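Okay, structure first, notes after.
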2 protein chains.
Amino acid sequence: MSLEIVFVMVGTTHTGNLGAAARAMKTMGFTTMRLVDTCSHLSAEALARSSGANDVLKNAQSFDTLADAIADCRVVVGTSARARQLAVPLLACREIADEIGSLSQSLPDGEKVAMVFGQERSGLSNESLDLCTRLLRIPCNPDFSSLNLGSAVQVVSYELSQAIASVPLGAPIPMPGKWKGSTEAVDASDNSADPDDLPATSEAMGHFFDHLDRVMISTGFMNPDNPRLLRRRVRRYFEANRPTGNELAIFRGILSATEKPRNR
Amino acid sequence: MSLEIVFVMVGTTHTGNLGAAARAMKTMGFTTMRLVDTCSHLSAEALARSSGANDVLKNAQSFDTLADAIADCRVVVGTSARARQLAVPLLACREIADEIGSLSQSLPDGEKVAMVFGQERSGLSNESLDLCTRLLRIPCNPDFSSLNLGSAVQVVSYELSQAIASVPLGAPIPMPGKWKGSTEAVDASDNSADPDDLPATSEAMGHFFDHLDRVMISTGFMNPDNPRLLRRRVRRYFEANRPTGNELAIFRGILSATEKPRNR
């Protein structure tokens, strides 16, 4: 029941919005904020707008890149106002919340899920979206979809708190393929799951993708001077269906085996 | 299906909050605001905070009393941060929204439901609460329940829009679960999708698995005499997350590339 939800703010330009986001998070019981390339989160305006959620701002950690900020997270949800091509699955806010609510029954305490919020106007870059396992959209008025950052964080944290709290305690829910990223059967009655049966961390995924790049380049399959679409397609497939640690170990084993000298 | 939801603001003291409320309403497709004994709703600050929902503010009607403001409404929901000694049922936001969602199926078009928001600090007076048919509470952190007015209106209108489903979705959202195996964005308006963007056929999957077996065996990664668990794990992963034809083509391309003689 105690998944840790990590709110990652990327490129935020208005300091007051960081305060509003902190306040919104805390009203729903969430306190972990991480920052990537944002404006100041400790300005007088940010603290004022947080309206007493100063602790969230003061404990917020800064990271150089989004990859660093989510390295220890097993699920990474990007929030995006726009539908994009070639994206990982785009789901409505409630569907994502329900998925995470189910996960909170099976993941051990303290495992981390990231909710990533982009810059106020431009949103998340394609590079950032490529690090996400899911995209979230808040359904809204197509003629006026102007939710500000604080409002978006408010709706998302409200939905998450509803989904996580509404899951009946002590009544293990079978997870028939609900979380499709894992193909291992989950025994909900056993909370001391092998961490390698959980979706891999973002850090482990990064190592896997690096390895895959090396193989694709050394075999001549991918032109390193123009890898973009191919690389993105492969990454998005595996991010949308994030393997477990055990599965990743197999894939890396296959890659390593292809790199060894062959006996013919 | 076209109940009219009327947002009634009572005793609001901060003009910016009226702008934020108008913006929040409009993002979820609601535009009817009524005012009782509030500060100015047409100040520069209110208009600025509405961020383009000026029409909601300009069309807002003022009333002398709450009784007047809700005279034509059949359901009146009071919002209250505090539990009170009360007569009418106090329900969570989602329960109220579900009730109103059901009502929207049975009430004739144009019938009105009021959502009443009190003064920022003191909330609704007992006299006002007595005019309500329901009380609504937004579940939140018991130690930090400081939702501001705009955030409360945002959550309530979001829940209502979800329950009534009167808000057309701006961009197509894939059906829940249906496309989880595909990482391609789905254009719901286009029914003549490229078959290679659909989950691959079982036949194609079979060829892929055969190819993968050959590579795993030729590289020495899998012992063909005892392949069982390894092979099953790999297959289950890809079957649970069946790639599209396009994705499969890439994977097979990688496998073929590793089989070619290498230039070192």
Practice item. Enumerate the calculated ³J(HN,Hα) couplings along segment B:113-119 in order (Karplus 6.51 cos²θ - 1.76 cosθ + 1.60, θ = phi - 60°), each rounded to whole Hz, writing x wherever the residue is Gly or Pro. Key: 10, 9, 10, 10, 10, x, 5
Check your understanding: Put +1 on the Cβ of each Lys and Arg and -1 on the Cβ of each Asp and Glu in segment A:35-149; which of A:L107, A:G78, A:L35 then has its Cα farthest toward the positive end of the dipole?
Key -> A:G78
Revision key, fill the gap. In order over segment A:35-50: 3J(HN,Hα) from phi, Karplus 6.51/-1.76/1.60, θ = phi - 60°, whole Hz, x for each Gly or Pro, gives 10, 10, 6, 9, 5, 5, 9, 10, 5, 4, 5, 4, 5, 5, 5, 6
Practice item. Mind listing the long-range amide H neighbours of B:Q119? Cut-off is under 5 Å, sequence gap 5 or more, other chains count too, H placed in the peptide plane at 1.01 Å from N. Key: B:L124
Practice item. Could you size up the charge dipole of the protein assembly as shown around its Cα centre, putting +1 on the beta carbon of Lys and Arg and -1 on that of Asp and Glu, and report it in debye to the nearest 20? Key: 1300 debye
Review point. How are the Cα pair distances of the protein assembly as shown distributed, in percent, across 10 Å bins from 0?
Key: 4, 17, 26, 23, 15, 9, 4, 2, 0, 0
Practice item. Could you state the angle between the C-alpha long axis of helix A:149-166 and the longest principal axis of the C-alpha atoms of chain A, as a value from 0 to 90 degrees rounded to the nearest 10? Key: 70 degrees
Review point. Which of the residue pairs B:K58/B:K112; A:K26/B:K112; A:K26/A:K112; A:K112/B:K26; B:K26/B:K112 have a Cα-Cα distance greater than 23 Å in the structure shown?
Key: A:K26/B:K112; A:K112/B:K26
Revision key, fill the gap. Residues whose built amide H sits under 5 Å from the amide H of A:L42, excluding neighbours closer than 5 in sequence, are none
Practice item. Rank these for me by crowding, B:K26, A:K58, going from fewest to most other beta carbons within 10 Å. Key: A:K58, B:K26
Practice item. Express the relative contact order of chain A as a whole percentage, based on alpha carbon pairs under 8 Å and six or more residues apart in sequence. Key: 23 percent
**Study point:** Most mobile of A:L90, A:L129, A:L230 in a GNM of chain A (Cα contacts under 10 Å)
**Key:** A:L230
Point to revise | Label point 7 Å beyond Cα along the C-beta direction, distances from B:L91 to other copies (nm, shortest first) | key: 2.7
Check your understanding: How many nm separate the modelled label positions at B:D72 and B:A165, each set 7 Å beyond the Cα in the direction of the Cβ?
Key -> 2.9 nm
Exercise for review: Could you pull out every residue, at least 5 positions away or on a different chain, whose amide H is within less than 5 Å of the one on A:V75? Hs are placed 1.01 Å off N in the peptide plane, and Pro or chain starts have none.
Suggested key: A:A114
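Using 0.36 nm per residue of separation minus the Cα-Cα distance, give me the extension gain between B:D143 and B:E111 in nm, one decimal. Let's see the in-between values first.
Details: separation 32, 0.36 × 32 = 11.52 nm, distance 3.81 nm.
That pair, B:D143 and B:E111, stretches by 7.7 nm at full extension.
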Point to revise | Cα long-axis angle, helix A:93-106 against chain A (0 to 90 degrees, to the nearest 10) | key: 70 degrees
Exercise for review: Evaluate the Kirkwood expression for the hydrodynamic radius of segment B:4-164, namely the inverse of the mean inverse distance over all pairs of different C-alpha atoms, and round to one decimal in Å.
Suggested key: 15.5 Å
Point to revise | Shortest-first distances to equivalent copies, position A:R214, nm, label 7 Å out along Cβ | key: 2.6
Practice item. Would you mind getting me the FRET efficiency between B:T201 and B:S256? Use the beta-carbon distance for r and R0 = 22 Å, nearest 0.05. Key: 0.65
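Can you show me the helix-derived [θ] at 222 nm for chain A, built from DSSP H runs with n ≥ 4 at -39,500 (n - 2.57) apiece and divided by the number of residues, rounded to the nearest 500.
My calculation for chain A gives -12500 deg cm²/dmol from helical runs alone.
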Study note, to complete from the structure: A correct Kirkwood calculation over the Cα atoms of segment A:195-259 returns a hydrodynamic radius in Å of 12.2 Å
Review point. Quick one: Karplus J couplings for segment B:73-78, per residue in order, coefficients 6.51, -1.76, 1.60, θ = phi - 60°, nearest Hz, x for Gly and Pro?
Key: 9, 9, 9, 10, 10, x
Review point. At A:D143, label 7 Å along Cα→Cβ: distances to the other copies, nm, ascending?
Key: 4.5
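Provide the gained length on full extension for the span A:A249 to A:F209, in nm with one decimal, where the gain is 0.36 nm per separating residue minus the Cα-Cα distance.
Taking A:A249 through A:F209 to full extension adds about 13.2 nm, to one decimal.
Every read-out reported here was derived from the displayed coordinates using simple, explicitly stated rules and does not represent laboratory data. Just so we're clear, the structure is a prediction, and the values are computed from it rather than from any experiment. Please note: Cβ atoms are built from the backbone with ideal geometry, for glycine as well, and neighbour counts cover all protein chains shown.
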